[in-house]
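Participant: Before we start, here is the structure in question, set down as structure tokens.
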Amino acid sequence: MPRITSARVIVTCPGRNFVTLKIETDEGAYGIGDATLNGRELAVASYLTDHVIPCLIGRDAHRIEDIWQYLYKGAYWRRGPVTMSAIAAVDMALWDIKGKLAGMPVYQLLGGAAREGCMVYGHANGSDIAETIERAHEYLEQGYKAVRLQSGVPGLAATYGVSGERFYYEPAKGSLPDETVWSTSKYMRHVPQLFEKGRNALGWDVHLLHDVHHRLTPIEAGRLGKDLEPYRLFWLEDATPAENQAGFRLIRQHTTTPLAVGEIFNSVWDAKQLIEEQLIDYIRATVVHAGGITHLRRIAGLADLHQVRTGCHGATDLSPVSMAAALHFGLSVPNFGIQEYMRHTAETDAVFPHAYSLSNGLMHPGDKPGLGVDIDEALAAKHEYKRAYLPVNRLEDGTMWSW
Ligand code: KDG
Ligand code: MG
């Protein structure tokens with residue numbers, strides 16, 4: 001049995017912060033897992049170093065489920081993004097080790113490929129509608145089958161999802177959080193125009209998506225969904241905060257626009273009612289924040305019973321280790337829907353060399369044993385951690401709102 005001999009946390013900032021767990025065994029194989037929680041990175045690093053790693057040493061690295069249960073039930077304090085990101089990092093690293101020892105890519109251990117590749121969506125964003133459409137065309141030229149459209153809103157100085165960069169979106173910055181200002185009425189007037197012009201310019205053969213980023217109430221989301229019905233969106237994402245899962249009933253009563261939610265979920269319990277009542281169409285929980293491959297498969301299993309498909313979050317703040325794990329999961333799970341792909345910068349890719357690739361709008365994790373991602377520790381050590389916060393958001397009268 002491969003015994004865990006050491007584990008350590010590597011914090012690096014190749015353009016943005018990433019937290020990685022590396023687990024070594026006495027059989028020579030090692031595994032890595034992503035533990036990045038954007039804007040709160042060091043909390044997970046400490047949870048791992050101070051509380052999880054001492055419990056791992058000496059354990060059989062093959063016993064993934066038992067170690068998962070030990071860390072979840074054994075902590076007494078269940079769930080929450082810090083705990084579940086730490087468990088996820090251990091879980092990913094153990095799947096990586098199991099794959100390496102078996103000489104197989106992780107997706108083979110999960111049942112093998114259930115499709116040729118994972119359809120991904122890219123982010124087209126611009127300061128106005130014309131610029132967003134121009135960028136969407138660039139994605140289509142690169143073979144993407146699905147594109148998310150976000151654009152600046154007239155009258156608002158900054159809008160979620162719009163960045164100066166062409167292909168990378170990086171909202172975390174500053175030694176204190178930036179403050180942005182939000183107007184629901186300005187936004188609600190603008191978005192249907194974005195999709196009317198978007199459909200006219202891009203045609204009907206591309207899937208179009210949009211992220212509301214938790215800004216609306218359920219009834220407002222119902223109205224927006226109804227206004228967008230003529231443009232046949234693939235999904236409307238995070239239309240309203242989802243702590244109150246029953247709130248999605250109200251949205252469903254008013255629109256047939258498909259709904260996606262889950263990027264800040266960390267457990268199947270966050271999605272249970274949403275899935276069981278079929279209040280959503282896509283579950284967007286991630287491998288890193290929702291307890292790793294082991295727990296994500298459990299969520300997908302429940303979702304499959306209710307015709308809810310997966311659509312894992314894949315922003316740049318999830319490291320290439322998470323991206324690889326999501327692709328092994330996505331390739332093998334029966335109810336895969338789509339995978340978000342916000343590509344990483346060249347600096348990040350150099351620290352995390354990886355086997356996954358994109359071709360004709362589909363991504364494949366590659367066939368290297370394990371997850372197929374490594375970390376160049378010498379290069380990682382050259383990029384020192386920099387505190388960076390996600391922005392906060394206020395209404396025009398100064399009231400705090402969801403960012
Ligand atoms: O850390 C926050 C980002 O991951 C988030 O703002 C990106 O909403 C997002 C998305 O859909 O990619
Ligand atoms: Mg989102």
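The values are calculated or read from the model by the stated rules, or taken from the named source; none is laboratory data. Computed from a prediction, not measured in an experiment: that's the story for all the values here. In this analysis, Cβ positions are derived from the backbone assuming ideal geometry, glycine residues included, and neighbour counts consider all displayed protein chains. Surface areas here come from the heavy atoms of the whole protein model, side chains and all, with no ligands, DNA or RNA. Shrake-Rupley method; radii C 1.70, N 1.55, O 1.52, S 1.80 Å.
Participant: At 222 nm, what value in deg cm²/dmol follows for the chain if DSSP H runs of at least 4 each add -39500 (n - 2.57) and the sum is divided by all its residues, to the nearest 500?
Facilitator: Per the formula, -10000 deg cm²/dmol.
Participant: For the range 4-107, which whole percent of the accessible surface, found with a 1.4 angstrom probe, sits on carbon and sulfur atoms?
Facilitator: That share works out to 54 percent.
Participant: Continuing with the same structure: As a test, work out the antiparallel percent of DSSP beta bridges whose residues both lie in the chain, rounded to the nearest 5.
Facilitator: Among the beta bridges of the chain, antiparallel pairing accounts for roughly 45 percent.
Participant: Quick check: the distance between the Cα centres of the range 230-299 and the range 1-80, to the nearest angstrom?
Facilitator: After rounding, the separation between the Cα centres reads 27 Å.
Participant: Then there's this: Could you please state how large a percent of the accessible area of the range 123-182 is carbon and sulfur, counting protein chains only and using a 1.4 Å probe?
Facilitator: 54 percent
Participant: So, one more: Could you please tell me the mean projected area of the C-alpha convex hull for the range 4-107, averaged over all directions and given in square nanometres to one decimal?
Facilitator: For the Cα atoms of the range 4-107, the hull's average projected area reads 6.6 nm².
Participant: Could you give the accessible area per residue of the chain, probe 1.4 Å, as a whole number in Å²?
Facilitator: 39 Å²
Participant: Give the calculated FRET efficiency between Asp128 and Arg3 to the nearest 0.05, with a Förster radius of 60 Å applied to their Cβ-Cβ distance.
Facilitator: Calculated value: 0.55.
Participant: Measure out, as a whole number of angstrom, how far apart the alpha-carbon centroids of the range 184-199 and the range 315-365 sit.
Facilitator: 30 Å
Participant: In addition: At 7 Å along Cα-to-Cβ for each site, give me the label-to-label distance between Ala346 and Asp304 in nm.
Facilitator: Placing both labels 7 Å beyond Cα along the Cβ direction yields 4.2 nm.
Participant: Let me ask something else about it. Take the Cα atoms of the chain, build their convex hull, and give its volume per residue in Å³.
Facilitator: Here the figure is 129 Å³ per residue.
Participant: Let me ask another. Tell me which residues come under 5 Å, amide H to amide H, from Met104 once H is placed; ignore anything under 5 positions away on its chain.
Facilitator: Gly370
Participant: Something else about it: Scattering from the C-alpha atoms of the range 207-256 alone, worked out with Debye: what is log10 I(q)/I(0) at q = 0.13 1/Å?
Facilitator: Reported log10 I(q)/I(0), two decimals: -0.25.
Participant: Let me ask you something else. Give the share of C-alpha pairs in each 5 angstrom bin for the range 257-403, from 0 to the last occupied bin, in whole percents, shortest bins first.
Facilitator: Taking every Cα pair in the range 257-403, the percentages come to 2, 9, 17, 19, 17, 14, 11, 7, 4, 1, 0.
Participant: Roughly what would the spin-label model give for Leu390 and Glu229, points 7 Å off Cα along C-beta, in nm?
Facilitator: 3.2 nm
Participant: OK, next. Run the reach check for Lys173 against lysines, Cα to Cα strictly under 16 Å, same-chain hits fewer than 8 apart removed. What comes back?
Facilitator: Partners found: Lys386.
Participant: Based solely on C-alpha atoms, express the radius of gyration and the Dmax of the range 1-55 in angstrom.
Facilitator: 12.0, 39
Participant: Could you give the length gained by full extension between Asn200 and Arg249, i.e. 0.36 nm per residue of separation minus their alpha carbon distance, to one decimal place?
Facilitator: 14.5 nm
Participant: In addition: Write down the percent of antiparallel bridges among all DSSP beta bridges whose residues are both part of the range 4-107, to the nearest 5.
Facilitator: Roughly 100 percent of the DSSP beta bridges within the range 4-107 come out antiparallel.
Participant: OK, next. For a protection proxy built on the mean count of beta-carbon atoms within 10 angstrom, sort 6-19, 151-164, 317-330 highest first, please.
Facilitator: Result, highest mean first: 317-330, 6-19, 151-164.
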